[in-house]
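Below: one structure, written as structure tokens.
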Amino acid sequence: MTEVYDPEKFIINDLVKSFLEKNIKISLVTRVPSYPTGIPFKGYKNRLKKHKISENFEVYRFPVFKGYGKSKVKKILNFLFQPFWYFYIFIFHLKKHDAMFVYQTGSLYNYSLIFPKLKSQKAVIWSQDLWPDAAKENGLKSELFLKLLHSISKKILNRFEVLSQSRSFHSYYLEKYDINSKVLYCFSEKPNNTNELDNECDVKGKLLYAGNLGSVQNLKELFSTYETLYHQKIVKFLDVFGGGSQYKRYKDQYENRLGIRFKGPYEHEDLFEAKKKYEFLIFSLNPGIMRKVVPGRFVFCVNNNLPILYIGDGEISELIKEYKIGISVNDNDKCIENSIREIQDFRKIDTKELRDNFTLIESNFDKNNIINEIHKSLGL
């Protein structure tokens with residue numbers, strides 16, 4: 001069970017391939033491909049449909065609310081209806097199976113997992129979102145509903161084996177849910193096979209933002225930090241790729257000011273040449289639970305050897321400092337001022353040293369090792 005699958009580019013594609021290579025029969029339940037814009041990909045009808053790919057592989061795709069990438073209301077409706085589709089397909093279309101694997105799905109969907117757990121000898125969740133905390137980050141205020149979500153999440157998560165995506169997740173699960181979970185790191189996007197760091201042009205001062213412009217991103221601090229660096233002539237311009245609920249607000253405020261250009265929703269292919277055009281990818285996450293997440297944009301930087309300028313603390317900050325693949329500054333005025341010196345110092349790093357740093361983190365986050373660990377968890 002997964003929200004995303006080919007042609008969306010995530011490690012689940014490689015995982016499915018690894019199952020089929022072992023001649024394992026698979027039923028995959030997912031939505032119509034639509035990430036990140038919320039618009040179904042060309043060639044895919046937005047309805048429930050079964051696809052028989054081969055003798056050992058069938059895919060069930062269910063519809064989405066079109067445009068959920070730009071509308072918070074549609075995103076919430078999507079959250080509420082996706083469990084219904086999972087539940088419906090498991091009850092009426094799938095027979096009892098040996099093992100069930102849930103890929104990067106938050107606990108909000110877990111009411112749809114109660115029945116499938118009874119139909120499976122082995123059940124594993126690879127957790128990406130932390131609920132109900134992520135729901136609170138997205139604006140849910142009701143303490144009663146948050147307590148209900150926590151109670152449901154705790155009950156369901158303790159019936160499954162849980163693979164946590166980061167070290168922070170692991171400690172969180174131990175404290176909040178009493179789960180002794182494993183720790184796996186996810187390279188959720190395929191590398192673009194760009195292993196050299198030598199740029200074809202001078203990219204100093206040119207920044208890239210790629211991702212959602214929504215409520216869980218710390219956009220206020222991101223643009224504030226950029227503005228400080230711009231006025232100090234440390235950076236020259238910022239290209240913003242992505243849509244989301246906050247897109248219009250920040251575009252109206254910053255479009256064509258301070259060298260900021262808004263490119264709108266994008267495909268991964270649009271960023272293939274990113275390391276040749278930009279010095280840093282800049283991003284920030286809200287304080288709190290979101291800073292325990294290792295998001296896709298961090299993965300993108302590692303896969304493409306693109307240095308990171310991250311505003312905030314938490315898991316990403318620790319990884320950047322540990323492997324020396326960018327700069328991490330806390331979101332306060334003193335640290336932002338210090339970032340000016342840190343950027344200047346980072347520019348003095350030898351190209352070979354930086355290449356070695358990326359090679360080191362890649363070797364410690366090897367995708368094949370992750371897939372092998374998932375196989376072990378499923379007893380394959």
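The values are calculated or read from the model by the stated rules, or taken from the named source; none is laboratory data. This is a predicted model, so every value here is computed, not measured. With ideal geometry, Cβ positions are generated from the backbone for all residues, glycine too; neighbour counts draw on all protein chains shown. Protein only, heavy atoms only, side chains kept; ligands, DNA and RNA dropped before computing areas. Shrake-Rupley method; radii C 1.70, N 1.55, O 1.52, S 1.80 Å.
Every listed requirement among (1) at pLDDT below 85; (2) under 29 Å from residue 169 (Cβ atoms) is met by residue 270 save one, (2).
Once the range 21-36 is narrowed to residues that are open to solvent by less than 60 Å² (accessible area, probe 1.4 Å) and of a type outside the set (Ser, Thr, Tyr), the residue that is nearest to residue 375 (Cα to Cα) is 24.
For the range 366-380, the candidate set comprises residues that are hydrophobic (A, V, I, L, M, F, W, C) and assigned to a helix (DSSP H, G or I); within that set, the residue that is nearest to residue 307 (Cα to Cα) is 370.
The rows are residues; the columns are (1) within 22 Å of residue 234 (Cβ to Cβ); (2) over 14 Å from the mean Cα position of the chain (by Cα); (3) touching a residue at least 12 places away in the same chain (Cβ under 8 Å).
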position: 267; (1), (2), (3): no, yes, no
position: 272; (1), (2), (3): no, yes, yes
position: 280; (1), (2), (3): yes, yes, yes
position: 288; (1), (2), (3): no, yes, yes
position: 304; (1), (2), (3): no, yes, yes
position: 307; (1), (2), (3): yes, yes, yes
position: 312; (1), (2), (3): yes, yes, yes
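For every residue, the table says whether it meets (1) open to solvent by less than 20 Å² (accessible area, probe 1.4 Å); (2) over 16 Å from the mean Cα position of the chain (by Cα).
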site	(1), (2)
4	yes, no
11	yes, no
19	no, yes
38	yes, no
43	no, yes
57	yes, yes
63	no, yes
72	no, yes
76	no, yes
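Restricting attention to the range 186-202, does a residue exist that is surrounded by 13 or more Cβ atoms within 10 Å (Cβ to Cβ) and modelled with pLDDT of 80 or more?
no
Can you name the residue in the range 1-37 that is among the charged types (D, E, K, R) and closer than 20 Å to residue 295 by Cα and, of all such residues, is modelled with the lowest pLDDT? Here the answer is 9.
Looking at the range 66-110, which of its residues are over 11 Å from residue 29 (Cα atoms), modelled with pLDDT under 85 and among the aliphatic types (A, V, I, L, M)? Hits for the range 66-110 are 73, 76, 77, 80, 91, 108. Only residues in the range 17-28 that are under 15 Å from residue 6 (Cα atoms) and assigned to a loop (DSSP other than H, G, I, E, B) count as the first member; pair them with residues that are of a type outside the set (Ser, Thr, Tyr) and open to solvent by less than 50 Å² (accessible area, probe 1.4 Å), Cβ under 9 angstrom, at least 6 apart or cross-chain, and list the lot. If the second residue must be of a type outside the set (Ser, Thr, Tyr) and open to solvent by less than 50 Å² (accessible area, probe 1.4 Å), no pairs are left. Reported count of residues in the range 250-276, each being open to solvent by 40 Å² or more (accessible area, probe 1.4 Å), assigned to a helix (DSSP H, G or I), farther than 19 Å from residue 38 by Cα and in contact with a helix residue (DSSP H, G or I) (Cβ under 9 Å, 6 or more places away or on another chain), is 1.
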